[in-house]
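Some notes on the structure that comes next.
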Amino acid sequence: MTATDMLTDEHRLIKKVLDWGETEIARIDKGRPPDAAKLIQAVDFIRNFADRCHHAKEEGLLFKRLVEKGMPAQSGPIAVMLLEHAQGRALAAAAAAALEGVGRGEHGALAKLRENLAGYIALLRAHIHKEDHAFFPMADRLLSAEDQEALLWDFERMERERSAPASTKNTIAWPRICRRKNSPDKSDSKRFFRHPLHWPGIETIMTG
Ligand SMILES: [Fe+2]
Ligand SMILES: [Fe+2]
């Protein structure tokens with residue numbers, strides 16, 4: 001597994017939540033009440049996993065290494081990816097605020113929730129497609145096998161650092177990213193990084 005393979009794996013997990021979000025939008029469009037508990041979990045996943053963990057690996061580690069390899073930092077593909085991350089962050093924040101408004105029974109909050117959720121899903125789907133089919137193949141051509149291996153260990157360190165408890169303001173306690181919980185020995189890096197990707201809250205979103 002390479003570092004870009006790992007990010008593609010994480011995209012698969014993110015896309016599962018985007019798929020669920022689309023079914024939730026369809027529910028709202030049919031006039032049914034939104035599933036607030038699952039929406040809280042999904043927003044938590046979007047902000048804490050998709051952004052705080054996945055996008056942080058891309059921005060803080062992958063992009064930096066690509067800049068060292070000669071990719072421009074302020075223009076071209078990296079600038080586009082950074083802009084889309086920022087747009088996603090704004091949409092997720094607006095969706096979270098609208099969800100709180102729905103909880104308080106505010107007029108118009110449900111429409112805002114629907115609009116921002118749909119905007120986020122469309123943006124992230126296009127963004128992930130671009131990364132999987134254009135940006136990561138470009139990165140693979142620039143990075144050596146050693147770069148990819150070093151990045152995997154940098155990712156692992158970032159996961160550990162970012163798995164610390166989040167602020168008490170969070171509705172849901174920060175769940176430990178347990179992808180490599182009970183995983184094989186770190187000395188066997190091939191097996192270690194193949195340990196299945198997992199997010200503790202995801203079953204709650206998908207089931208029922
Ligand atoms: Fe990205
Ligand atoms: Fe990504």
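Every number in this text was worked out from the coordinates using simple rules, so none of it is lab data. Keep in mind the model is a prediction, meaning the values are calculated, not measured. Glycine also receives a Cβ, built like all others from the backbone with ideal geometry; neighbour counts cover every protein chain displayed.
A few points about this structure:
- By average C-beta atoms within 10 angstrom, highest first, the peptides 105-111, 90-96: 90-96, 105-111
- Of Lys15/Lys130; Lys15/Lys38; Lys30/Lys112; Lys16/Lys57, those spanning more than 18 Å from alpha-carbon to alpha-carbon: Lys16/Lys57
- Stretchable slack from Arg125 to Trp153, in nm (0.36 nm times residue separation minus alpha-carbon distance): 7.4 nm
- Converting the Cα gyration tensor eigenvalues of the range 1-139 into ellipsoid dimensions via √(5λ) gives semi-axes, longest first, of 31, 14, 12 Å.
- Extension gain (nm, one decimal) between Ser187 and Leu83, 0.36 nm per residue minus Cα-Cα: 33.7 nm
- Look at Val17, Val80 and count the other Cβ atoms within 10 Å of each Cβ; fewest to most, that gives Val80, Val17.
- The range 117-131 residues near the modelled Asp19 label - backbone nitrogen below 15 Å, point 7 Å along Cα→Cβ: 125
- Ordering Trp153, Trp20 from the fewest to the most neighbouring beta carbons within 10 Å gives Trp153, Trp20.
- Computed from backbone phi with θ = phi - 60° and the Karplus coefficients 6.51, -1.76 and 1.60, the 3J(HN,Hα) list for the range 53-68 is 10, 5, 5, 5, 5, 5, 5, x, 10, 5, 4, 4, 5, 5, 5, 4 Hz; x is used for glycine and proline.
- Centre-to-centre, using Cα atoms only, the range 18-54 and the range 56-74 are separated by 30 Å.
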